[in-house]
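*Asks:* Can you keep this structure in mind? I'll have questions shortly.
The values are calculated or read from the model by the stated rules, or taken from the named source; none is laboratory data. Given the structure is predicted, the values throughout are model-derived calculations rather than measurements. No Cβ is skipped: glycine too gets one built from the backbone with ideal geometry, and neighbour counts run over all protein chains shown. The area values use the complete protein model at the heavy-atom level, side chains included, leaving out ligands, DNA and RNA. Shrake-Rupley method; radii C 1.70, N 1.55, O 1.52, S 1.80 Å.
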Amino acid sequence: MASFMFLLHDNTSMPEDLSAEDVQGVIEEYLAWRKEVANEGKLIGGEKLTDDGGRHLAMSDGGIRVTDGPYAEIKEALGGYFAIKAADYDEAIEIAKTCPHIKYGTKIEVRQIDEINLADM
């Protein structure tokens, strides 16, 4: 069985019309989905990322430049991830289609994890 990452992309601005009850309902949907995937033995892990945008490192003029993110002009950011087990991309896609993020985020990027055995290196 292969491992896949679901990279959860979000809009950087939250809708202002969401009530506390609406937010709680969304959280409960994610928790129920996570529990279902875990009960099927397919969940490896996953977390929501903080809203601060993190730090971005890049080579610049022979050195490493560290900047805060996201930038004001960015409309989409990585908001979290799930790691799951699936037979192949087709099964991973079918699992991703059931994730609540497909309704609430901007997209789910599905990537297969290249499981490199460091002991063999």
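*Asks:* List, please: which pairs have Cβ atoms under 9 Å, are six or more places apart or on different chains, and start with a residue in the stretch 104-121 that is more than 15 Å from L7 (Cα to Cα) and end with one that is of a type in the set (A, V, I, L, M)?
*Replies:* Taking only residues 6 or more apart or on different chains, the pairs are E115/A2.
*Asks:* To continue, here is another question. Can you tell me which residue in the stretch 87-121 is most open to solvent (accessible area, probe 1.4 Å), limited to those that are aliphatic (A, V, I, L, M) and closer than 20 Å to Y30 by Cα? Can you show your working first?
*Replies:* Restricting attention to the stretch 87-121, the residues satisfying the condition of being aliphatic (A, V, I, L, M) are 87, 92-93, 95-96, 102, 108, 110, 113, 116, 118-119, 121.
With the extra rule that they be closer than 20 Å to Y30 by Cα, the set shrinks to 92-93, 95-96, 102, 108, 110.
Values: A92: 0, I93: 66, I95: 18, A96: 8, I102: 96, I108: 30, V110: 27 Å².
Ranking the qualifying residues of the stretch 87-121, first place goes to I102.
*Asks:* Continuing with this model, one more query. Among the numbered conditions (1) open to solvent by 40 Å² or more (accessible area, probe 1.4 Å); (2) free of Cβ contacts under 8 Å to residues at least 40 places away in the same chain, tell me where G41 comes up short.
*Replies:* (2)
*Asks:* Quickly run through the stretch 1-38 and pick out the residues that are of a type in the set (S, T, Y), more than 18 Å from I108 (Cβ to Cβ) and at pLDDT 95 or above.
*Replies:* none
*Asks:* From the set of residues in the stretch 1-28 that are closer than 13 Å to I95 by Cβ and in a strand (DSSP E or B), which is farthest from the chain's Cα centre (by Cα)? Lay out the reasoning, then the answer.
*Replies:* From the stretch 1-28, those closer than 13 Å to I95 by Cβ are 1-6; that's our starting set.
Retained after the next criterion (residues that are in a strand (DSSP E or B)): 2-6.
Details: A2: 18, S3: 14, F4: 11, M5: 7, F6: 5 Å.
Top of the filtered list is A2.
*Asks:* In addition: Could you check, for the stretch 51-63, whether at least one of its residues is within 15 Å of L7 (Cα to Cα), open to solvent by 80 Å² or more (accessible area, probe 1.4 Å), of a type in the set (D, E, K, R) and over 14 Å from the mean Cα position of the chain (by Cα)?
*Replies:* no
*Asks:* So, in the stretch 39-53, exactly how many residues are in contact with a Leu (Cβ under 9 Å, 6 or more places away or on another chain) and at pLDDT 95 or above?
*Replies:* 1
*Asks:* Another question, then. Got a number for residues in the stretch 9-22 being surrounded by 10 or more Cβ atoms within 10 Å (Cβ to Cβ) and under 20 Å from E76 (Cβ atoms)? Working first, answer last.
*Replies:* First, pick out the residues of the stretch 9-22 that are surrounded by 10 or more Cβ atoms within 10 Å (Cβ to Cβ): 9-12, 14, 18, 22.
Among the residues that remain, those that are also under 20 Å from E76 (Cβ atoms) are: 9-12, 14, 18.
The qualifying residues number 6.
*Asks:* From the residues in the stretch 35-50 that are of a type in the set (G, A, S) and under 13 Å from the mean Cα position of the chain (by Cα), which one is farthest from H9 (Cα to Cα)?
*Replies:* Residues of the stretch 35-50 of a type in the set (G, A, S): 38, 41, 45-46.
Subset that is under 13 Å from the mean Cα position of the chain (by Cα): 45-46.
On the way: G45: 17, G46: 14 Å.
If we take residues in the stretch 35-50 being of a type in the set (G, A, S) and under 13 Å from the mean Cα position of the chain (by Cα), then G45 is farthest from H9 (Cα to Cα).
*Asks:* Here are some conditions: (1) surrounded by 14 or more Cβ atoms within 10 Å (Cβ to Cβ); (2) under 24 Å from A92 (Cβ atoms). L31 meets all but one. Which one does it not meet?
*Replies:* It is condition (1) that L31 fails.
*Asks:* Out of the stretch 9-35, which residues are of a type outside the set (S, T, N, Q) and touching a residue at least 40 places away in the same chain (Cβ under 8 Å)?
*Replies:* Pass one, the stretch 9-35, residues of a type outside the set (S, T, N, Q): 9-10, 14-18, 20-23, 25-35.
Answer for the stretch 9-35, where residues must be of a type outside the set (S, T, N, Q) and touching a residue at least 40 places away in the same chain (Cβ under 8 Å): H9, D10, V26, E29, Y30, W33, R34.
*Asks:* Return only the number of the condition from (1) open to solvent by 70 Å² or more (accessible area, probe 1.4 Å); (2) closer than 29 Å to I116 by Cβ; (3) at pLDDT below 90 that K75 does not satisfy.
*Replies:* (2)
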